[in-house]
Structures are given as C-alpha cells and as structure tokens.
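The structure under discussion appears below in the form of structure tokens.
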Amino acid sequence: MKNIAIIGAGGFGREVKTILDSINKIIPTYNFLGFYDDGFEQGEIVNGHPVLGNVEAINAVSQACSIVIAIADPKTKFTIFSKIKNQNISFPTIIHPNTLISDDFVEIGDGNIICAGCIITCNIVIKDFVILNLMCTVGHDTIISSFSSFMPSVNISGEVLIHEKVYVGTGAKIINQLEIGQSTIVGAGAVVSKSLPEYCTAVGIPAKPIKFHNQQ
C-alpha cells in the first residue's frame, strides 16, 4: 500500500479522505498518514488522524509519499504546489469508484480529485490538479486546464475549452462550444451561454462579468 497524506484538514480534505476509504474498500491501495495544514497545530487530531505539520514540512519527507492537494481555490492550490520541492513526493489522481468514465478516449493528468457521482463522457482532456466535486458532468470534446476547480453539480456541455485556474461555483452550467478564460470565477447557479474573458467574475442567468480582478 502507498503512503498518502492530504493537504487541507478542512471540510473538503475530510471528504477526500472518504474517497480514499472508498477506494480501499475495493482494492487496498493507500495507507493514510494524516493531514498537512497551516491552520492546525502539528499533532492535532482531525477525524481520528494527525495533522503532520504545515505545508513546508512536506519538503522534509524522506520516504516516498503521495500527496493530495484538497484545496478548492485555484490560486491557493497553485501556490501550495509551487512550494513543494521534494523528489519523494508524487501527486496521484484520486477518482471515487462511483465515477462514470464512459470512454477510453479520456486523458486525465496528475493530482486530480474526481468525486462521487461525476460523469465524464468521451474525447475529454482533464489536465493536472483539477477538482471535479460531487455530481459534476463533463461533455464530449471538452478540455479542462490545470488547477481549475468545479463545485458540486456543475454541468459542462461538449466542446468547451476551460483555461487554467478557473473556479466554477455550485450548480453552474456551461453551454457547449464556449471558452472560459484563465483565472475566471463563475458564480454558483450561473448559466454560461457566451464565452467569458480571463480574470473576471461572472454571475447570473445568463452569466455576465461583473468585475475584473488582479492578474498577479
């Protein structure tokens, strides 16, 4: 069994631990070591498992260990990943056993988290460190770029291009043949019927940009 730890001891991190449990019930795969989290004291117990230290402590790990970055905010997720400089660390993709991946022509990169109830159809590319939370659907010929996050029940239609570090809120819908620009935020419940530029926050039905934010 592979040693594994989760970055983030909050609610989503604890949910990711349940995905590992579900995987282990089918095929024993992971030996869970605990959580890393800057907001908890080292040695603190969360759901019966220890906090192993802050994120920087990962760089002192001396044996092979898999790490799951259970942080939804794309910018924070990218910043954390950038701090890890340890050849002993790997970033597996974690897929809940109840996910439906319908076709062999689906490419899924490293460090992704795909939660229960997701449906992924055909000819789809999911790059690295993407989160598909509960019950998301992804239609054919869609490309999801790295460090993007999709909250529960997001529906992505076919032939959508989503750039890096996009955040899509719970229940939002993205119509087919659209493009979502880098670091854009789509509000919960929005319906995206036209392509969105980069670095904006878009809300409503139909979704429209209401502000643009810092590109740093």
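The values are calculated or read from the model by the stated rules, or taken from the named source; none is laboratory data. These numbers were taken from a predicted model, which means no experiment stands behind them. Methodologically, a virtual Cβ is constructed for each residue, glycine included, from the backbone with ideal geometry; neighbour enumeration extends over all protein chains shown. Note: areas computed on protein heavy atoms with side chains; ligands, DNA, RNA excluded. Shrake-Rupley method; radii C 1.70, N 1.55, O 1.52, S 1.80 Å.
Of everything in the stretch 196-216 that is in contact with a Phe, Trp or Tyr (Cβ under 9 Å, 6 or more places away or on another chain) and not in a loop (DSSP other than H, G, I, E, B), the residue that is surrounded by the most Cβ atoms within 10 Å (Cβ to Cβ) is CYS200.
Quick check on my filter: what residues within the stretch 71-84 are β-branched (Val, Ile, Thr) and assigned to a helix (DSSP H, G or I)? Break it down into steps so the answer makes sense when it comes.
First, the residues of the stretch 71-84 that are β-branched (Val, Ile, Thr): 71, 76, 79-80, 84.
Result: THR76, THR79, ILE80.
Within the span defined as the stretch 103-116, one or more residues are outside any loop (DSSP other than H, G, I, E, B), under 23 Å from SER22 (Cα atoms), in contact (Cβ under 8 Å) with a residue 24 or more places away in the chain and not small (Gly, Ala, Ser). Need the failing condition index for LYS77 against (1) open to solvent by 30 Å² or more (accessible area, probe 1.4 Å); (2) of a type in the set (Lys, Arg); (3) closer than 20 Å to GLY8 by Cβ, just the number. The one condition LYS77 does not meet is (1). Does GLU159 satisfy the criteria of being surrounded by 18 or more Cβ atoms within 10 Å (Cβ to Cβ), modelled with pLDDT of 95 or more and part of a loop (DSSP other than H, G, I, E, B)? So GLU159 does not fit the description; no.
Across the stretch 92-113, what is the total count of residues that are more than 18 Å from ASP141 (Cα to Cα) and in contact with a Ser or Thr (Cβ under 7 Å, 6 or more places away or on another chain)? Counting residues in the stretch 92-113 that are more than 18 Å from ASP141 (Cα to Cα) and in contact with a Ser or Thr (Cβ under 7 Å, 6 or more places away or on another chain) gives 6. If you go through the stretch 9-32 and keep only what is open to solvent by less than 60 Å² (accessible area, probe 1.4 Å) and in a strand (DSSP E or B), you end up with TYR30, PHE32. Each residue in the stretch 44-70 was checked for being open to solvent by 40 Å² or more (accessible area, probe 1.4 Å), under 19 Å from ILE94 (Cβ atoms) and in a loop (DSSP other than H, G, I, E, B), and 3 pass. When the residues of the stretch 165-195 are filtered to those that are in contact with a Leu (Cβ under 8 Å, 6 or more places away or on another chain), of a type in the set (A, V, I, L, M, F, W, C) and open to solvent by less than 10 Å² (accessible area, probe 1.4 Å), the one that is farthest from PHE129 (Cα to Cα) is VAL192.
Taken as a whole, the stretch 88-101 holds no residue that is β-branched (Val, Ile, Thr), within 17 Å of GLY187 (Cα to Cα) and open to solvent by 20 Å² or more (accessible area, probe 1.4 Å). Taken over the stretch 119-133, the criterion of being outside any strand (DSSP E or B) and buried (at least 23 other Cβ atoms within 10 Å of the Cβ) is satisfied by PHE129, VAL130.
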